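Novice: Got a structure for you, written out below as structure tokens; questions coming shortly.
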Amino acid sequence: MNYSESIAHSIEAYLKENDWTFDFDVIHGTISVEAELSCRLASAIVVYQVSEGGFLCYTGLAVEADSSVRAQVGEYLHRANYGLPNGNFEFSYDDGSIHYKTVFDCPDGVPSQKQLEDSMAIGLTVIDHYGDGLYEILNSQESLAKKLIRELDGME
């Protein structure tokens, strides 16, 4: 896969500067970082997919939705996506995988400092916000309606 080495090196330098431990797959232009969450989901893996003109940032969860709760998880994430200004949740009904995707264009050939900061912060912050509700659905501890009301009340 073709990707911008200058974008990849900017991301790599940012991660080193902020003491993140990461793996860089030079062949595919992907950089992976494990991060802790403050919600009950506990951790996530942030994967940067560098392209020629920018990069995608996928913040993926280590847990997958069991087939018995996939419809509830799908509805929860669909509702959570409404109004999110930067990025969106993606969910696979096939395997239950969940991640948050953000897209960054780099028309000048390198990401800005703000883009680098946002690349780690946005996905982790959104997952932290919705993570406990998602955790409860994954463990069937609360009705979907109660979770959504609680999450929406917390955003005011």
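Novice: What is the number of the single condition among (1) touching a helix residue (DSSP H, G or I) at 6+ places or on another chain (Cβ under 6 Å); (2) modelled with pLDDT under 95; (3) not in a loop (DSSP other than H, G, I, E, B) that SER68 does not meet?
Specialist: The number of the failed condition is (1).
Novice: Please count how many residues of segment 72-111 are assigned to a loop (DSSP other than H, G, I, E, B) and open to solvent by less than 20 Å² (accessible area, probe 1.4 Å).
Specialist: Here the count works out to 3.
Novice: Quick one: SER67 ticks every box in (1) without any contact (Cβ under 8 Å) to a residue 60 or more places away in the chain; (2) surrounded by 14 or more Cβ atoms within 10 Å (Cβ to Cβ); (3) of a type in the set (Ser, Thr, Tyr) except a single one, so which number is it?
Specialist: Every condition holds for SER67 apart from (2).
Novice: Further question on the same structure: Taking segment 1-25 only, how many residues are of a type outside the set (Asp, Glu), assigned to a loop (DSSP other than H, G, I, E, B) and at pLDDT 95 or above?
Specialist: 5
Novice: Restricting to segment 42-63, give me the number of residues that are among the aliphatic types (A, V, I, L, M), open to solvent by less than 20 Å² (accessible area, probe 1.4 Å) and under 21 Å from ILE137 (Cβ atoms).
Specialist: Of the residues in that region, 1 qualify.
Novice: Which residues, counting only those in segment 9-25, are more than 10 Å from TYR48 (Cβ to Cβ) and either among the aliphatic types (A, V, I, L, M) or touching a strand residue (DSSP E or B) at 6+ places or on another chain (Cβ under 6 Å) (or both)?
Specialist: Correct list: ALA13, TRP20, ASP23.
Novice: Residue under question is CYS39, and the condition is that it be in contact (Cβ under 8 Å) with a residue 24 or more places away in the chain and assigned to a loop (DSSP other than H, G, I, E, B); does it hold?
Specialist: yes
Novice: Could you check segment 22-41 and list, in sequence order, the residues that are open to solvent by less than 20 Å² (accessible area, probe 1.4 Å), more than 13 Å from TYR130 (Cα to Cα) and not aliphatic (A, V, I, L, M)?
Specialist: Scanning segment 22-41 gives a single hit, GLY29.
Novice: I've got another one for you. If you check TYR100 against the conditions, is it in contact with a Phe, Trp or Tyr (Cβ under 7 Å, 6 or more places away or on another chain) and either on the phi > 0 side of the Ramachandran plot or without any contact (Cβ under 8 Å) to a residue 60 or more places away in the chain (or both)? Spell out the reasoning first.
Specialist: Working: in contact with a Phe, Trp or Tyr (Cβ under 7 Å, 6 or more places away or on another chain): yes; either on the phi > 0 side of the Ramachandran plot or without any contact (Cβ under 8 Å) to a residue 60 or more places away in the chain (or both): yes.
Answer is yes for this residue.
The values are calculated or read from the model by the stated rules, or taken from the named source; none is laboratory data. Here the structure is a predicted model, which means the values were calculated and not measured. Backbone-built Cβ (ideal geometry, glycine too); neighbour counts: all protein chains shown. Please note that ligands, DNA and RNA were not included when accessible areas were found on the heavy atoms of the full protein model with its side chains. Shrake-Rupley method; radii C 1.70, N 1.55, O 1.52, S 1.80 Å.
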